[in-house]
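**Student:** Right, I'll just put the structure down here and ask away after.
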Amino acid sequence: MAEDKVRGLSPYDFDRLLRAVLKAFGISFESGTATGGSDTTLQDTGQNWRVNVWPGALIRITIGGIKYTRLVSANTADTVTFDALPAGVAVSAGGEYFMVAPVDLTRWGRSVSPAWTHAGEQVAPGPGTALVTQAVSAGRTGYIYGFFITVQEANDFKISWTSGGAARSKRIVFGGGGTMEDVQPAALNEGLPADSGSNVTITNVNAGGAGKIYQANLLYAEV
């Protein structure tokens, strides 16, 4: 983090300037006062963050008049976990903090770098054929940030996944042959992450016509 004194600015004015700059560039940040913590955690019961939205962020915590900057590794709804503070130093109620998101978090809503899962062309696929499949790694949850579908005829498609043990899907309708690519900064399954060990697929609903080519790709990330 930058130093608190820039050409005679007071710490208060510096923080106001920093917030204005971050806001102007669309960079996510958070600030507040701790309600508790330890040498590796800070709790703010006034917050209601999405789980694991802050990994990769930098947090600056004021303890005993000294500012400590640490890298965040995880978060719950009201607690962030970070690299350990020096021996004998711990967060306690009343400590002020300021947290700045990494670029990925600002763009995608969490600290991830989505990547395309590519699949080859299929000719005249049967109904319900998985045109592309992405497995969710063990111990992780999956997020769908976009899709690419190209087809030579009208058909419906489904993006399918399992969340909380329940089957979920989004239908995509093609009124005729063509290509569609959709990429969103918020996950298409936001609030319903794909379960660990399950698969995310794009399937065609109806059988493909003779000689008709289908292809689908998936933009995916997991935490």
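The values are calculated or read from the model by the stated rules, or taken from the named source; none is laboratory data. This structure is a prediction, so every number in the text was calculated from the model and none was measured. Note that we place each Cβ from the backbone using ideal geometry, even for glycine, and neighbour counts take in every protein chain shown.
**Student:** How many residues, within segment 185-199, are more than 13 Å from the chain's Cα centre (by Cα) and surrounded by fewer than 18 Cβ atoms within 10 Å (Cβ to Cβ)?
**Tutor:** Step one: of segment 185-199, the residues more than 13 Å from the chain's Cα centre (by Cα) are 195-199.
Next, from what is left, pick out any that are surrounded by fewer than 18 Cβ atoms within 10 Å (Cβ to Cβ): 196-197, 199.
The number of residues fulfilling the criteria is 3.
**Student:** Identify all residues within segment 190-220 that are over 17 Å from Gly164 (Cα atoms) and among the charged types (D, E, K, R); write none if there are none. It would help to see each step written out before you state the result.
**Tutor:** Restricting attention to segment 190-220, the residues satisfying the condition of being over 17 Å from Gly164 (Cα atoms) are 202-220.
Within segment 190-220, just Lys212 meets the criteria.
**Student:** Output yes when any residue across segment 149-158 is within 15 Å of the chain's Cα centre (by Cα), basic (Lys, Arg) and either at pLDDT 95 or above or part of a loop (DSSP other than H, G, I, E, B) (or both), and no when none is. Steps first, please.
**Tutor:** So the first thing to find is which residues in segment 149-158 are within 15 Å of the chain's Cα centre (by Cα), and the list is none.
No.
**Student:** Out of all the residues in segment 43-75, which are hydrophobic (A, V, I, L, M, F, W, C), within 21 Å of the chain's Cα centre (by Cα) and not in a loop (DSSP other than H, G, I, E, B)? Steps first, please.
**Tutor:** In the first step, residues of segment 43-75 are kept if they are hydrophobic (A, V, I, L, M, F, W, C); the result is 49, 51, 53-54, 57-59, 61, 63, 66, 71-72, 74.
Add one more test, that the residue is within 21 Å of the chain's Cα centre (by Cα), and what stays is 49, 51, 53-54, 57-59, 71-72, 74.
Within segment 43-75, Leu58, Ile59, Leu71, Val72, Ala74 meet the criteria.
**Student:** Does Thr203 satisfy being surrounded by 13 or more Cβ atoms within 10 Å (Cβ to Cβ) and more than 21 Å from the chain's Cα centre (by Cα)?
**Tutor:** On the way: surrounded by 13 or more Cβ atoms within 10 Å (Cβ to Cβ): yes; more than 21 Å from the chain's Cα centre (by Cα): yes.
Criteria met by Thr203.
Rundown of residues vs (1) surrounded by 14 or more Cβ atoms within 10 Å (Cβ to Cβ); (2) modelled with pLDDT under 95; (3) within 19 Å of Ala187 (Cβ to Cβ), yes/no style:
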| site | (1), (2), (3) |
| --- | --- |
| Gly65 | no, yes, no |
| Ala87 | no, yes, no |
| Gly95 | yes, yes, no |
| Val100 | yes, yes, no |
| Thr106 | yes, yes, yes |
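**Student:** Enumerate the pairs (first residue in segment 46-57 and farther than 10 Å from Ala101 by Cβ and without any contact (Cβ under 8 Å) to a residue 40 or more places away in the chain; second residue anywhere and of a type in the set (Val, Ile, Thr) and surrounded by fewer than 21 Cβ atoms within 10 Å (Cβ to Cβ)) with beta-carbon separation below 8 Å, excluding pairs fewer than 6 apart on the same chain, so at least 6 apart or on different chains.
**Tutor:** Gly46/Thr35; Trp49/Thr76; Val51/Thr76
**Student:** Still on this structure, I have one more. So Gly164 ticks every box in (1) surrounded by 12 or more Cβ atoms within 10 Å (Cβ to Cβ); (2) within 30 Å of Val72 (Cβ to Cβ); (3) at pLDDT 95 or above but one. Which box is left unticked?
**Tutor:** Looking at each condition in turn, Gly164 falls short on (1).
**Student:** I want to confirm something. Restricting to segment 167-184 and keeping residues that are under 21 Å from the mean Cα position of the chain (by Cα) and modelled with pLDDT under 95, which single residue is farthest from Ser73 (Cα to Cα)?
**Tutor:** By that ranking, first place goes to Glu181.
**Student:** Quick one: in segment 124-148, which of the residues that are in a strand (DSSP E or B) and among the polar types (S, T, N, Q) is farthest from Val173 (Cα to Cα)?
**Tutor:** Here is the first cut: in segment 124-148, the residues in a strand (DSSP E or B) are 130-135, 142-148.
After this cut, where a residue has to be among the polar types (S, T, N, Q) as well, the list is 133-134.
On the way: Thr133: 19, Gln134: 21 Å.
Only one residue fits best here, namely Gln134.
**Student:** Here's something else I'd like to know. Please verify whether Leu131 is closer than 28 Å to Glu30 by Cβ and in contact (Cβ under 8 Å) with a residue 12 or more places away in the chain, treating the condition exactly as stated. Full working, then the answer.
**Tutor:** Numbers: closer than 28 Å to Glu30 by Cβ: no; in contact (Cβ under 8 Å) with a residue 12 or more places away in the chain: yes.
No; evaluated as a whole, the condition is false for this residue.
**Student:** Only one of Ala187, Ala138, Ala167 is without any contact (Cβ under 8 Å) to a residue 12 or more places away in the chain, more than 17 Å from Lys212 (Cβ to Cβ) and not assigned by TED's automatic domain parsing to the domain that holds Arg50; which? I'd like the intermediate steps shown before the answer.
**Tutor:** Numbers: Ala187 fails: without any contact (Cβ under 8 Å) to a residue 12 or more places away in the chain; Ala138 fails: without any contact (Cβ under 8 Å) to a residue 12 or more places away in the chain.
Of the residues listed, the single one that is without any contact (Cβ under 8 Å) to a residue 12 or more places away in the chain, more than 17 Å from Lys212 (Cβ to Cβ) and not assigned by TED's automatic domain parsing to the domain that holds Arg50 is Ala167.
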